[in-house]
Amino acid sequence: VFQEMRTRECRFINGTEKVRLMRRYIYNRKQYIMFDSDMGMFVGDNPCGETQARCCNGIPEILEDNRAAVDT
């Protein structure tokens, strides 16, 4: 049985003064790619994730949508 899961979490620092958005993509209980709003880009956690992170970081629309999600 294969499972894919996506999680989103917001961490509030100093009340609501600073918000950090993290989107995690998990496959078979292992995280393979993550978007962190503090870095503003995707980061891969394994060789497969690094390839997907490079692909996602090369598409400006995906990065803009994820960076704008922090404000909403």
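The values are calculated or read from the model by the stated rules, or taken from the named source; none is laboratory data. Quick caveat: nothing in here was measured; it's all calculated off a predicted structure. Here Cβ is always computed from backbone atoms with ideal geometry, including for glycine, and neighbour counts include all displayed protein chains. The area values use the complete protein model at the heavy-atom level, side chains included, leaving out ligands, DNA and RNA. Shrake-Rupley method; radii C 1.70, N 1.55, O 1.52, S 1.80 Å.
Brief remarks follow.
- The set of residues in region 33-49 that are of a type outside the set (A, V, I, L, M, F, W, C), surrounded by 12 or more Cβ atoms within 10 Å (Cβ to Cβ) and over 20 Å from Asp65 (Cα atoms) comprises Asp45, Asn46.
- Among residues of region 35-50, those that are at pLDDT 95 or above and either among the hydroxyl-bearing types (Ser, Thr, Tyr) or touching a Lys or Arg at 6+ places or on another chain (Cβ under 7 Å) (or both), counted: 1
- Residue that is farthest from the chain's Cα centre (by Cα) [pool: residues in region 1-28 that are open to solvent by 80 Å² or more (accessible area, probe 1.4 Å) and modelled with pLDDT of 90 or more]: Gln3
- Hits in region 28-48 (condition: within 22 Å of Ile59 (Cα to Cα), in contact (Cβ under 8 Å) with a residue 12 or more places away in the chain, not in a loop (DSSP other than H, G, I, E, B) and not small (Gly, Ala, Ser)): Gln31, Tyr32, Ile33, Met34, Phe35, Asp36, Met41, Phe42, Cys48
- Single residue of Thr51, Thr16 found to be among the hydroxyl-bearing types (Ser, Thr, Tyr) and assigned to a loop (DSSP other than H, G, I, E, B): Thr16
- Members of region 54-72 found to be of a type in the set (Gly, Ala, Ser) and either assigned to a loop (DSSP other than H, G, I, E, B) or open to solvent by less than 40 Å² (accessible area, probe 1.4 Å) (or both), listed by number: Gly58, Ala69
- Scope region 1-27; condition basic (Lys, Arg) and touching a residue at least 12 places away in the same chain (Cβ under 8 Å); matching residues: Arg6, Arg8, Arg20, Arg23, Arg24
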